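Here the structure is laid out as structure tokens; the discussion comes afterwards.
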Amino acid sequence: MKTAIYPGSFDPITLGHLNIIKRAAVCFDKLIVCVLVNSEKMNRGLFTPEERVELIRKVVAKLPNVEVDCSSTLLAEYARQRKACTLVKGLRAVSDYENELQMALINRKLNPRLETMFLPSSTKYTYISSSVVKEMARYGADLTDFLPREIIEDVQRKMDSRRDS
Ligand code: PNS
């Protein structure tokens, strides 16, 4: 059984992420979407890791071979625990590549059985990132072209509660 992991911060999951999930899910027996800690973004999260998992679950509910999880371990170690041989990463632009290449090499150093596969982002979604979505939500913009419809209200509600507190 070929298991792959699609790791990320997913704060929150966007239409760009969902596009990568759907395309990767057809290539493997099982795809695990895993919410992990990005130490560079640690103190500026909108959703907790558990909330992000819930949002992703809502969005992938109809994809039978996609599982959602979260972990606070190193990704290479998590892949070993889950017997996964491949990491899937989406690339939106050449500028993503430098950092992703470094992470791919580190992950393979830590777990020599682990390969990283890059999927180019669909041109329709190259400009979307969770950060841009949060910025738009902060100003009350329409999020239809950015987020899966199942979670738009959750994101708007969360942003409103942040604004009120
Ligand atoms: O969506 P992001 O923020 O680009 O995802 C980055 C993420 C979470 C995949 C990356 O930071 C990660 O793998 N974090 C777990 C810790 C780890 O294994 N770091 C890489 C080796 S130092």
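The values are calculated or read from the model by the stated rules, or taken from the named source; none is laboratory data. Predicted, not measured: the structure shown is a model, and the values here were computed from it. Counting neighbours? That spans all protein chains shown, and the Cβs are built from the backbone with ideal geometry, glycine included. For the accessible areas, the whole protein counts, side chains as well, though only heavy atoms, and no ligand, DNA or RNA atoms are used. Shrake-Rupley method; radii C 1.70, N 1.55, O 1.52, S 1.80 Å.
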(message) Just to check your reading of the model, which residue among 152, 128 is closer than 22 Å to residue 45 by Cβ, of a type in the set (A, V, I, L, M, F, W, C) and in contact with a helix residue (DSSP H, G or I) (Cβ under 6 Å, 6 or more places away or on another chain)?
(response) 128
(request) Give the residue that is surrounded by the fewest Cβ atoms within 10 Å (Cβ to Cβ), with candidates limited to residues of the stretch 116-149 that are of a type in the set (A, V, I, L, M, F, W, C) and in a helix (DSSP H, G or I). (result) 132
(message) Given the criterion basic (Lys, Arg), closer than 18 Å to residue 11 by Cα and either touching an Asp or Glu at 6+ places or on another chain (Cβ under 9 Å) or open to solvent by 80 Å² or more (accessible area, probe 1.4 Å) (or both), identify the matching residue among 83, 41, 30, 62.
(response) 41
(message) Condition first: closer than 27 Å to residue 153 by Cβ, of a type outside the set (Gly, Ala, Ser), within 12 Å of the ligand (Cβ to nearest atom) and more than 15 Å from the chain's Cα centre (by Cα). Can you find one or more residues in the stretch 46-53 that meet it?
(response) no
(request) Could you list, in sequence order, all residues of the stretch 1-30 that are more than 13 Å from the ligand (Cβ to nearest atom) and out of contact with any Leu (no Cβ under 8 Å at 6 or more places or on another chain)? (result) 1, 2, 18, 19, 26, 27, 28, 29, 30
(message) Being modelled with pLDDT under 95 and open to solvent by 80 Å² or more (accessible area, probe 1.4 Å) is the filter here; which residues of the stretch 150-162 pass it?
(response) 162
